[in-house]
1. Restricting attention to region 20-46, and to residues there that are crowded, with 17+ Cβ neighbours inside 10 Å and in a loop (DSSP other than H, G, I, E, B), which single residue is modelled with the highest pLDDT?
2. Is it the case, given these coordinates, that residue 51 is surrounded by 12 or more Cβ atoms within 10 Å (Cβ to Cβ), assigned to a loop (DSSP other than H, G, I, E, B) and at pLDDT below 75?
3. Test residue 210 against the stated conditions and say whether it is part of a strand (DSSP E or B), at pLDDT 85 or above and either touching a strand residue (DSSP E or B) at 6+ places or on another chain (Cβ under 6 Å) or surrounded by fewer than 16 Cβ atoms within 10 Å (Cβ to Cβ) (or both).
4. Suppose we keep only residues that are surrounded by fewer than 19 Cβ atoms within 10 Å (Cβ to Cβ) and at pLDDT below 85 within region 64-74. Which one would you say is nearest to the chain's Cα centre (by Cα)?
5. Test each condition in (1) closer than 23 Å to residue 176 by Cα; (2) surrounded by fewer than 21 Cβ atoms within 10 Å (Cβ to Cβ); (3) modelled with pLDDT under 75 for residue 253 and report the one that comes out false.
6. Assess whether residue 164 counts as being more than 30 Å from residue 104 (Cβ to Cβ), under 18 Å from the mean Cα position of the chain (by Cα) and assigned to a strand (DSSP E or B).
7. So in region 227-249, with the set limited to residues that are assigned to a loop (DSSP other than H, G, I, E, B) and surrounded by 15 or more Cβ atoms within 10 Å (Cβ to Cβ), which one is modelled with the lowest pLDDT?
8. For region 130-151, what are the residues that are at pLDDT 90 or above, surrounded by 17 or more Cβ atoms within 10 Å (Cβ to Cβ) and in contact with a helix residue (DSSP H, G or I) (Cβ under 8 Å, 6 or more places away or on another chain)?
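The values are calculated or read from the model by the stated rules, or taken from the named source; none is laboratory data. What you are looking at is a predicted structure, and each value in this text was computed from that prediction instead of being measured. For neighbour counting, all protein chains shown are included, and Cβ atoms are generated from backbone atoms with ideal geometry for every residue, glycine included.
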């Protein structure tokens, strides 16, 4: 069970579709975030992703194959650029046609159920906070300190990493986008650790990206929070949220959660 949980975390690299370039911090962060998160209560339309039976079938085939080739898999993904899908290899357990189908299904927008919730954005003393409910309640634990340029998840302080510039339109929302990211990983040097060390370690990875979609004007909040202790999964949150204010001052949210 512990190995299965660890495999689930590693397997999440397969479902990333967007590639991006990174650079150092710039002076536009405060201005952009204040503009993107102006205070007020808005209506949030949440679209929850539900895998099709075919996706679940292909996912189980991949998990079975990777469980039998875990050492190979861990070595193989080390050479995959961040947030790019893993190149095809027969050890994945699918044919090339099946793997192409798997990636296409993962980027499809057709399997969503929608619901509406209120989301309040609070800006006070240079701190952005959220008051949400139900499917977005994780946002209640998040604060963005504009003065210190730090994102907090409860008591966890997540430092600024870099600006983000996605120059490709080959992603879920078919558009270029740009913004900022914050990240914290413990212990240091995870990418250099061997598989045996990883399975015995207490691994924490907290990453959040915020940006603006060029074509639609949507604001992206992408949350990726993962924690594993000796192979046992303690936290696994992967939550991209897309926000936009229309003329009626509503905020649209798309919530994509892929369970594997």
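1. Looking at the filtered set, the residue picked out is 37.
2. No: the conditions fail for residue 51.
3. Taking the combined requirement at face value, the residue satisfies it.
4. Checked region 64-74; the qualifying residue nearest to the chain's Cα centre (by Cα) is 74.
5. Among (1) closer than 23 Å to residue 176 by Cα; (2) surrounded by fewer than 21 Cβ atoms within 10 Å (Cβ to Cβ); (3) modelled with pLDDT under 75, residue 253 violates only (2).
6. no
7. Filtering first and then ranking leaves 244.
8. 130, 144, 146
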